[in-house]
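For reference, the structure discussed in these notes is given below.
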Amino acid sequence: MPWCTSSTVAPQGSLKGRLTIVDELTGKRYQVPVSEDGTFKSVDLKKITTGKDDKGLKLYDPGYLNTAPVRSSISYINGYEGIMRYHGYPIEDLAESSTSIEVSYLLISWFIKILGPYYMLVITKRREIGTRGSCVRWTLRKINHVGL
């Protein structure tokens, strides 16, 4: 299973291989693995350095216009079309019309889905600390971790 996809359009055939990069400053040659989708991990460019104190080459991609989306069941970003989603919901809808409780539910439900087989949190004491609009804010006083 490829770790990344370069676009919504499938490439013609496999693009898997190696990319050779020549650093014109040092003359060194570097090999970077390329996936079947024609992408490579930007972290692989960290090995391109000017010396021992250099932390490696970094990429800058304003607007994520040339960033391949990572496969995720949690979020989706498409810089070309200006789409950002979290659990299938458009980010702008969550920001503009969802309450903090609704967004918290999305975060907690994901947390429980991932860690549910291992343990769950049981809130046994809480105290109201105030309101913001129609939302009540609570502080959690006692939380028990129950192993499963």
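Structure values in brief
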item	result
Matching entry among Arg127, Arg141 (being open to solvent by 100 Å² or more (accessible area, probe 1.4 Å), assigned to a strand (DSSP E or B) and modelled with pLDDT under 70)	Arg141
So Leu15, is it more than 30 Å from Val136 (Cβ to Cβ), of a type in the set (A, V, I, L, M, F, W, C), open to solvent by 80 Å² or more (accessible area, probe 1.4 Å) and modelled with pLDDT of 80 or more	yes
Segment 21-65, subset free of Cβ contacts under 8 Å to residues at least 12 places away in the same chain and within 25 Å of Ile83 (Cα to Cα), residue surrounded by the fewest Cβ atoms within 10 Å (Cβ to Cβ)	Tyr60
Out of Leu107, Leu59, sole residue that is more than 25 Å from Gly13 (Cα to Cα), aliphatic (A, V, I, L, M) and not in a loop (DSSP other than H, G, I, E, B)	Leu107
Conditions (1) hydrophobic (A, V, I, L, M, F, W, C); (2) under 30 Å from Lys28 (Cα atoms); (3) at pLDDT 80 or above; (4) open to solvent by less than 80 Å² (accessible area, probe 1.4 Å): number failed by Ala68	(3)
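The values are calculated or read from the model by the stated rules, or taken from the named source; none is laboratory data. Just so it is clear, the model here is predicted, and its values are computed rather than measured. In this analysis, Cβ positions are derived from the backbone assuming ideal geometry, glycine residues included, and neighbour counts consider all displayed protein chains. Protein only, heavy atoms only, side chains kept; ligands, DNA and RNA dropped before computing areas. Shrake-Rupley method; radii C 1.70, N 1.55, O 1.52, S 1.80 Å.
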